[in-house]
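First the structure, in the form of structure tokens, and then the observations on it.
The values are calculated or read from the model by the stated rules, or taken from the named source; none is laboratory data. All of these numbers come straight from a predicted model, not from anything done at the bench. Positions of Cβ are backbone-derived with ideal geometry, glycine not excepted, and every protein chain shown enters the neighbour counts. Just so you know, the surface numbers come from the protein's heavy atoms only, side chains and all, with ligands and any DNA or RNA stripped out. Shrake-Rupley method; radii C 1.70, N 1.55, O 1.52, S 1.80 Å.
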Amino acid sequence: QMWEEAIALGKELAEQYENEMFDYEQLSELLRKQAQFYENIVKVIRPKPDYFAVGYYGQGFPTFIRNKVFIYRGKEYERREDFEARLLTQFPNAEKMKTTSPPGDDIKNSSGQYIQCFTVKPKLDLPSKFHRPVSEQIVSFYRVNEVQRFEYSRPVRKGEKNPDNEFANMWIERTIYVTAYKLPGILRWFEVKSVFMIEISPLENAIETMQLTNDKINNMVQQHLNDPNLPINPLSMLLNGIVDPAVMGGFTNYEKAFFTEKYTHEHPEDHDKIEKLKDLIAWQIPFLAEGIRIHGEKVTEALRPFHERMEACFRQLKDKVEKQYGVRAVLSSLDDRRGSRPRSMVRSFTMPSSSRPLSVASVSSISSDSTPSRPGSDGFVLEPLLPKKMHSRSQDKLDKDDPDKDKKEKKKEKRNSKHQEIFDKEFKSTDISLQQSEAVILSETISPLRPQRPKSQVINVISSERRFSVSPSPPSSQLTPPPITPRTKLSFSIQSSLELNGMSSSDIPDVPPPLPLKGSMADYGNLMESQDLISPTTSPPAHQRVSP
């Protein structure tokens, strides 16, 4: 699960595949693996192993480990007791030491075997590329990997013991161990090459403790923001241990120990450190507020009283801290820092129905025996016009060569709106009852897979048996729609069948006339603007037709 190391090796391989071997198939597979590794780093929670310092003292050990200290990397979730048991099985005659302080010369020069084992904390050493704050999920890897410095802290009391406040004289003796190589490496243990010790004052220890507490709250809040399915119990224990005065030892003891006039008078050099501690206390409030907010969203009904008590304690704590140390506010949550995709990058491919341009409907014919006379004409769909990209190639060519394109576009829009009004008025005014079958309205668009119709054709509605058919254009003396050029999307307006055929209601025959014979063939693929290049098929009006 050391995906960071795998990514580094993958980049070396990618350089070879791309610039030396030109094996793009292997390169693509490698890049897919790297993408998965990056995703694992952010989403997968990896266990953090413990590190143990082991000292082998006495002349009874082999020379390569005699009187030396090593840092071991434990297994996943391995406790110190389990590690010690595993270690003592290799040296059954060894004696385990009870203290963590370095042994004297009497033990080092004795003939026996003494093993000293205790847990050490790895010291974070972030790579230089992380020059700005990054996610805890990314940093957590470097807290337990690629580490070479380890520390062990031991409390030491100096001066008189204060029964009321033990923090006033609690010093920390910290031992730093530096290994020969970074862990983990080829081995799970390396020899310690240098050891040095530092002392930390009680005030410095308080600052460090407050900083660690704030980081712990912030990290847990980020984890819950990233993964809402995390269990709530660890968050409950952490928050309650800080805000509840019954269990909080916290900064109340720091106030009694360091925020007094006596301490300020005796230690004037610690003024900046005291101000830093106050600032950390003030910053703890917004972190707690975010944690309690998340806790309130995820808490169950059984734990609701517990949450309400925690909220009441937090309100008291917040009022006290903000009054004494000021107000701090977190700029944004983790989700806000991530940011979202700009709205300009998201395209909407649908329009609201109110603003969607509707085509003027064309009517498919239904024969008297309820059988569709044309394939695909038995549906009832009113669709938006297709985009202009669906025009045929000849159509695009005409668009390109047309100098008065803008004027014609305006005329087309005006004409379509006029046709729609005529359609609504005339179609509603006709006294045609559609009980057995109803009109089928389809959108009529031009595509490369379907030839264009000649200009001369319009929709003719024969209402006797509710049959709708395409007929040649009527004489010019009758009401006809304006001519439609091939440049525009093909659309028709439906007029009353009585007006299109020049008949009154009494002239309607009982039997519908047959379709006219086609006089000539038109070239549907090469329609031109000129009417002279088109050979329309004409026939007398419907009331003058004779049976063939």
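Restricting attention to region 114-134 and to residues that are open to solvent by 40 Å² or more (accessible area, probe 1.4 Å) and among the polar types (S, T, N, Q), the residue that is modelled with the highest pLDDT turns out to be THR119. A count restricted to region 66-79 and to residues that are open to solvent by less than 80 Å² (accessible area, probe 1.4 Å) and in contact (Cβ under 8 Å) with a residue 24 or more places away in the chain stands at 9.
Tallying residues that are touching a residue at least 12 places away in the same chain (Cβ under 8 Å) and among the small types (Gly, Ala, Ser) within region 1-48 yields 3.
Could we say that ALA6 is part of a helix (DSSP H, G or I), within 17 Å of PHE141 (Cα to Cα) and either open to solvent by less than 40 Å² (accessible area, probe 1.4 Å) or assigned by the TED database to the domain that holds GLU81 (or both) here? Against the criterion (part of a helix (DSSP H, G or I), within 17 Å of PHE141 (Cα to Cα) and either open to solvent by less than 40 Å² (accessible area, probe 1.4 Å) or assigned by the TED database to the domain that holds GLU81 (or both)), ALA6 qualifies.
Would you mention how many residues in region 163-200 are in contact with a strand residue (DSSP E or B) (Cβ under 9 Å, 6 or more places away or on another chain), surrounded by 16 or more Cβ atoms within 10 Å (Cβ to Cβ) and assigned to a loop (DSSP other than H, G, I, E, B)? Matching residues across region 163-200 total 1.
Could you tell me whether region 131-140 includes any residue that is more than 52 Å from the chain's Cα centre (by Cα) and polar (S, T, N, Q)?
no
Candidates in region 9-49 are the residues that are open to solvent by less than 70 Å² (accessible area, probe 1.4 Å) and hydrophobic (A, V, I, L, M, F, W, C); of these, the one that is nearest to GLN223 (Cα to Cα) is VAL44.
Among the helices (runs of 4 or more DSSP H) confined wholly to region 44-149, which include 1 or more residues that are of a type in the set (Phe, Trp, Tyr) and within 21 Å of ALA6 (Cβ to Cβ)? Can you show your working first?
Numbers: elements: 80-88, 105-108, 136-144.
Ranges flagged: 136-144.
Being over 30 Å from GLN1 (Cβ atoms) and of a type in the set (A, V, I, L, M, F, W, C) is true of ILE172. Exactly one residue among GLU15, GLU5, GLU95, GLU78 is over 26 Å from LEU183 (Cβ atoms) and within 41 Å of the chain's Cα centre (by Cα), and that residue is GLU15.
What is the residue count in region 51-65 for residues that are touching a helix residue (DSSP H, G or I) at 6+ places or on another chain (Cβ under 9 Å), open to solvent by less than 70 Å² (accessible area, probe 1.4 Å) and not hydroxyl-bearing (Ser, Thr, Tyr)? Break it down stepwise before answering.
Just the residues of region 51-65 that are touching a helix residue (DSSP H, G or I) at 6+ places or on another chain (Cβ under 9 Å), to begin with: 51-52, 54, 57-59.
If we keep only those that are open to solvent by less than 70 Å² (accessible area, probe 1.4 Å) too, we end up with 51-52, 54, 57-58.
Filter once more, keeping what is not hydroxyl-bearing (Ser, Thr, Tyr): 52, 54, 58.
Total satisfying the criteria: 3.
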